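The values are calculated or read from the model by the stated rules, or taken from the named source; none is laboratory data. Please read these numbers as outputs of a predicted model, since none were measured by experiment. Heads up, the Cβs are rebuilt from the backbone with ideal geometry, glycines too, and the neighbour counts pull from every protein chain shown. These accessible areas exclude ligands, DNA and RNA; they are computed on the full protein's heavy atoms, side chains included. Shrake-Rupley method; radii C 1.70, N 1.55, O 1.52, S 1.80 Å.
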Amino acid sequence: MSATIQDFGLESTGSGAPGDSANSMQLVSFRLAQEEYGIEITRVQEIILMGEITRVPQTPDFIKGLINLRNTVIPIVDLRRRFGQPEEKMTDETRIMVMNVSGKTIGIIVDAVSEVLRIGKDQIAPPPPTVAGLDRDYLTGLVKLEKRLLILLDMDKILTNGESVLIESL
């Protein structure tokens, strides 16, 4: 079953005037373990419920397998495992976010999709040097919200070149 972001009942919240797109952007926020992350809304094609995933032998543990979405085979990446976090049982809130990453349509498993946020670009701070590094290029910034921080991800950098080639071959 698939849905658009609006079908999911996610509300658009946050700051920034709707017509002020030069100084603001919209993010889809989602949970992974105890952290909250954000991805630009333009990257997300749809959000689907967890379904049957066909495992592919001899692939890294973060590649969960393949799904057939309307006659299109899509590789599925478990973002928890990609980030080196322990695997958790799927819940009713677990979702697959279908998106374009480096020119390839993939699905990423997240613990829950939270909301759509409109943020001002002035709310984005660069990641601190202690977490940013050569192997953390996918962290593009931290979004400062009233009572929480949102980790902003660059999905094109979430996979290494070798991992991208592997996914393309699936």
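Looking across segment 71-84 at every residue that is modelled with pLDDT of 90 or more and more than 16 Å from N100 (Cβ to Cβ), the one that is least open to solvent (accessible area, probe 1.4 Å) is identified as D78. Scanning segment 112-125 for residues that are within 15 Å of the chain's Cα centre (by Cα) and open to solvent by less than 30 Å² (accessible area, probe 1.4 Å) turns up A112, V113, V116, L117. Looking at this structure, is P86 in contact with a helix residue (DSSP H, G or I) (Cβ under 8 Å, 6 or more places away or on another chain) and not acidic (D, E)? Yes, satisfied.
Per the conditions (1) assigned to a strand (DSSP E or B); (2) open to solvent by 10 Å² or more (accessible area, probe 1.4 Å), the sole criterion not satisfied by K89 is (1).
Quick test of your reading of the structure: Q6 fulfils all but one of (1) at pLDDT below 90; (2) in contact with a Ser or Thr (Cβ under 6 Å, 6 or more places away or on another chain). Name the failing condition by number. Among (1) at pLDDT below 90; (2) in contact with a Ser or Thr (Cβ under 6 Å, 6 or more places away or on another chain), Q6 violates only (2). I109 fulfils the conditions (1) open to solvent by 40 Å² or more (accessible area, probe 1.4 Å); (2) assigned to a strand (DSSP E or B) except for a single criterion, (1).
Look through N100, N68 and report the one residue that is in a strand (DSSP E or B), over 17 Å from the mean Cα position of the chain (by Cα) and surrounded by fewer than 17 Cβ atoms within 10 Å (Cβ to Cβ).
Of the residues listed, the single one that is in a strand (DSSP E or B), over 17 Å from the mean Cα position of the chain (by Cα) and surrounded by fewer than 17 Cβ atoms within 10 Å (Cβ to Cβ) is N68.
Confirm whether E93 is under 18 Å from G51 (Cβ atoms) and of a type in the set (D, E, K, R). Yes: the conditions hold for E93. The condition of being in a loop (DSSP other than H, G, I, E, B), within 25 Å of M25 (Cβ to Cβ) and under 15 Å from the mean Cα position of the chain (by Cα) holds for only one of L159, L150, that being L159. Residue pairs whose Cβ atoms lie under 7 Å apart, sitting 6 or more positions apart in sequence or on different chains, and linking a residue in segment 153-170 that is closer than 12 Å to R82 by Cβ and in contact (Cβ under 8 Å) with a residue 40 or more places away in the chain to a partner that is in a helix (DSSP H, G or I) and not hydroxyl-bearing (S, T, Y), are M155/R43; I158/R82; L159/I167.
Cβ separations smaller than 9 Å between residues 6+ apart or across chains give the following pairs from segment 22-45 residues that are closer than 20 Å to E88 by Cβ and modelled with pLDDT under 90 to residues that are open to solvent by 20 Å² or more (accessible area, probe 1.4 Å) and among the basic types (K, R): A33/R80.
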